[in-house]
Amino acid sequence: MISLVRDLMIAVTLCCWVLSLYKLRDLARNPRYRPLRALCLALVGITVSLTVQPFMPGLDRAFGVLDLTRLVSNCLTLVSATAAQAFLLYMTGDDERTRRRIRRRTVALLVSVAAMAVLFALTPARAALDDPRVAGGRYYGDPFDAPFLYVYLTYLGWSMTQVVALAHRYARQAARPLLRLGLRLIVAGAAWGLVYVLAKLTAVAVGALWPGSALASDAVVVFSFTVSILLILIGSTLPSWGPLVGLDRLGARARAVLDHHRLRPLQAAVHRVLPEIALLPEPRGPAGLLAVLRDPYLRRVRATVEILDGYATLRPWMSAALLDAAEAAGRRAGWTGDRLAAATEATVLATALEARAAGAPPAADHDGLPDLPAARADGGEVAEQVAWLVRVARAYRSPEVTRLRAGLRPATGPENVERRQRVQ
């Protein structure tokens, strides 16, 4: 297990070198682009930090100071963490407020590095360079405990918390799928960074209390650190190399398959009541799955068109009184925004389907019904229209909307319709 973790760390180090050189090439072409400069600093910092770790014994002997390489490696990790924050901040703008936030983080980094250097200088070495344990390398595998280590872990834990918050916030705003995925990988990597901080503190305590468990705890530390670096590394560079290997096309295809899967229940419900709107017979079973995988874009468009055809056909059975009542009931339940609008639309659509299936006459007040959100998008907003219909399809099957419909059945009664007509 320990050997496997070490091999993984070597593989991640090589991957760091490849991606660092790749991004440095981009920086040479555009040296004034601040986000790229911050990203390159983060990549180079962590790459060098990982690279020097296997050579700690030789480097310490070369400089004549025990644990100096460990101190430098930890400082480079903090530089990388600060540069990662700067990269995320620059992604949203390059104004004075952003630069001020980055300067504050840089000052915190410099204070932390200075504190680590002072504590390192004031702390006596734990062993001599000619100690057999140091010369043989066993010393570097033991749990390490020194005052500067706690400054390092404190700043790193704070930095990873900041990275999680920044990347999560920007992932919700990102329009490009690969950028959104990359930011989510950064969130996951930073979360593993926090696991590393906790594992490191635990390893120190375990090593002091149960020295025999040092190797196992060290494996956990190395594994969590390596996974954190790997996820952040992939996430931060994914938007640039992803399109080169076709990940954007693969992602778009997967998105189309997922959209079709989410729209299918609503499409099937409309088919049951209005079979005439089906453009082609819907294949089922393995043949249906293969048809979707073969051309998910066509299947998604077909589902969208058929659902919207159902909207148009069912409009006479859609009650304006029910729309108002559903919206009022949703607000009383605490729903707002898109959640309220999707639940209201799903309620009106489901009731219209039931009325049409039962052979009921059209709603007397359907002329007063405004255009529902699904019918408002024009040809330039197809993606938004599909996303909205997915929301409606999800609401259509939700227990909340089922309960809402059950409580609003009296709202379509003739006395309510007549009251609304008198008000109008």
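The values are calculated or read from the model by the stated rules, or taken from the named source; none is laboratory data. In this text the structure is predicted, and so the values were computed from the model without any measurement. Cβ atoms come from the backbone with ideal geometry, glycine included; neighbour counts cover every protein chain shown. Please note that ligands, DNA and RNA were not included when accessible areas were found on the heavy atoms of the full protein model with its side chains. Shrake-Rupley method; radii C 1.70, N 1.55, O 1.52, S 1.80 Å.
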> Taking only pairs six or more apart or across chains, which ones have beta-carbon atoms under 9 Å, a first residue in the stretch 171-194 that is touching a residue at least 24 places away in the same chain (Cβ under 8 Å) and closer than 15 Å to PHE87 by Cβ, and a second residue that is part of a loop (DSSP other than H, G, I, E, B) and aliphatic (A, V, I, L, M)?
Replying inline: LEU179/MET91; GLY182/ALA174; LEU183/MET91; LEU183/ALA174
> Only one of (1) under 20 Å from PRO35 (Cβ atoms); (2) open to solvent by less than 40 Å² (accessible area, probe 1.4 Å); (3) touching a residue at least 60 places away in the same chain (Cβ under 8 Å) is not met by MET91, so which one is it?
Replying inline: (2)
> From the set of residues in the stretch 162-178 that are within 16 Å of GLY251 (Cα to Cα) and surrounded by fewer than 16 Cβ atoms within 10 Å (Cβ to Cβ), which is modelled with the lowest pLDDT?
Replying inline: ALA175
> What is the number of the single condition among (1) part of a loop (DSSP other than H, G, I, E, B); (2) in contact (Cβ under 8 Å) with a residue 60 or more places away in the chain; (3) not hydrophobic (A, V, I, L, M, F, W, C) that PRO124 does not meet?
Replying inline: (2)
> Given the conditions (1) free of Cβ contacts under 8 Å to residues at least 12 places away in the same chain; (2) assigned to a helix (DSSP H, G or I), and given that ILE232 satisfies all but one, which numbered condition is not satisfied?
Replying inline: (1)
> What number of residues in the stretch 327-349 are crowded, with 21+ Cβ neighbours inside 10 Å, of a type outside the set (Ser, Thr, Tyr) and within 33 Å of the chain's Cα centre (by Cα)?
Replying inline: 6
> Looking at the stretch 358-372, is at least one residue modelled with pLDDT of 90 or more and in a helix (DSSP H, G or I)?
Replying inline: no
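Conditions (1) among the small types (Gly, Ala, Ser); (2) without any contact (Cβ under 8 Å) to a residue 12 or more places away in the chain, marked per residue:
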{"position": "ILE46", "(1), (2)": "no, no"}
{"position": "PHE55", "(1), (2)": "no, no"}
{"position": "ARG61", "(1), (2)": "no, no"}
{"position": "GLY64", "(1), (2)": "yes, no"}
{"position": "LEU71", "(1), (2)": "no, no"}
{"position": "LEU78", "(1), (2)": "no, no"}
{"position": "THR98", "(1), (2)": "no, yes"}
> Among (1) among the basic types (Lys, Arg); (2) at pLDDT 90 or above; (3) open to solvent by 60 Å² or more (accessible area, probe 1.4 Å), where does ARG284 come up short?
Replying inline: (2)
>> Looking at the stretch 260-281 only, could you name the residues that are open to solvent by less than 40 Å² (accessible area, probe 1.4 Å) and under 27 Å from the mean Cα position of the chain (by Cα)?
In response: HIS260, LEU263, PRO265
